[in-house]
1. For the pair residue 73/residue 41, report the inter-label distance in nm, with labels modelled 7 Å from Cα in the Cβ direction.
2. To the nearest 20 debye, what charge dipole does segment 2-89 have about its Cα centre, counting +1 at the Cβ of each Lys and Arg and -1 at the Cβ of each Asp and Glu?
3. For residue 11 and residue 88, calculate 0.36 nm times their separation in residues minus their Cα-Cα distance, and state this gained length in nm to one decimal.
4. How large is the direction-averaged shadow of the alpha-carbon convex hull of the chain, in nm²?
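Values in this text are rule-based calculations from the coordinates and carry no lab data. Because the structure is a prediction, the values reported are computed rather than measured. Here Cβ is always computed from backbone atoms with ideal geometry, including for glycine, and neighbour counts include all displayed protein chains.
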Amino acid sequence: MKFLAVCGFGVGSSMVLKMTIEKVCRARNINCEVQNTDLTSVKGMEADAVFTSPEIAMDLKQTLKCPVFGIKKYMDQKEVEQAINQFLENQ
C-alpha cells in the first residue's frame with residue numbers, strides 16, 4: 001500500500017503529516033510506504049491514497065483517481081487514523 005502526504009512545496013508540513021501517517025500505520029500493523037511530495041508532483045504519481053490539507057484536497061479530488069483525505073491537524077494521530085480507517089473500510 002502506498003500513501004502520499006502532500007503540501008504546497010512538499011517539504012515542511014507534508015513531512016510532519018508523513019511522520020504521523022507512519023506512526024498510525026505502525027501502531028495498527030499496516031504495511032505501507034509513505035512519501036511526502038508537493039502539489040505539482042503528486043498529479044503524476046501513483047498512490048493508493050493521498051493525505052493533505054482540506055484546501056488542497058478539494059483540488060486534488062477532481063484530478064486524482066485515488067481517494068484524497070483532507071487533514072486539518074497534521075500531528076493529530078486520531079484524525080489521521082480516522083482517515084486511514086475510512087480508506088480501509090472502502091477497500
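1. Once both label points are built, they end up 2.9 nm from each other.
2. It works out to roughly 120 debye.
3. Full-extension gain reported as 25.1 nm.
4. For the chain, the mean projected area of the Cα convex hull comes to 5.0 nm².
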